[in-house]
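Working notes, structure below.
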Amino acid sequence: MNNAQLAKYHVTAAQWRKARAARGAASGEPALDALKQRTLGRVCSSKVFTQGDLDKMLGAFLAETADGDLDAQLAQIEQPEKRRAALEARIFAAGAKIVTPGDSKDQTEWRVIAYVGGIVANMGEARRWPILDERLLGTLAGILEARTARHPAAPVGADCPY
């Protein structure tokens, strides 16, 4: 996790501890370890959390601190899908600058998917679209954005400089 994610975890954990203390429930490290065990199936440091672990823990904190706020809990549950959609949007935006435009938006998207499939195959991954792994999607978005930064698109109708 990065520093912003760790900060979010610690702020949310502090709110959880405050809410538990206000109810007279245990709020120390043993209580936090018990919550980690229930939520993740193991007790570990927040520094070794995966993105999925962080989502689960933030959801568990919200279940206790905002138990009457279903919107907050649902928003936390939807985080992985929102991140995946944002990464896919980055991939399609950068890929559309690389591939030859199609006759329609769908055709251009299929060309981007084929292009991304070639990159994934070159990476030694045996995956097809849709790719659900956030880490791989982030890597692909970074690759495509770096390629478009190195080779800006030529004006329409111009000879290909490559």
Obtain the nm distance between the two label points defined at Leu74 and Ala31 by a simple spin-label model: each point lies 7 Å from its Cα along the Cα-to-C-beta direction. 2.9 nm
Counting all C-alpha pairs of segment 81-150, share separated by more than 16 Å (%): 43 percent
From the alpha carbon gyration tensor of the chain, can you work out the equivalent ellipsoid semi-axes (sqrt of 5 times each eigenvalue) and give them in Å, largest to smallest? 43, 15, 13
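Provide the gained length on full extension for the span Ala19 to Ala85, in nm with one decimal, where the gain is 0.36 nm per separating residue minus the Cα-Cα distance.
Roughly 20.5 nm would be gained on extension.
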In nm, what is the difference between 0.36 nm times the number of residues separating Ile98 and Arg147 and their Cα-Cα distance? 16.8 nm
Most packed first (mean Cβ within 10 Å per residue), the peptides 53-62, 130-139, 39-48 order as 53-62, 130-139, 39-48
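Any read-out appearing in this document is the output of simple, stated calculations on the displayed coordinates, not a laboratory observation. Note that this is a predicted model, so its numbers are computed, not measured. Note that each Cβ is placed from the backbone with ideal geometry, even for glycine, and that neighbours are counted across all protein chains shown.
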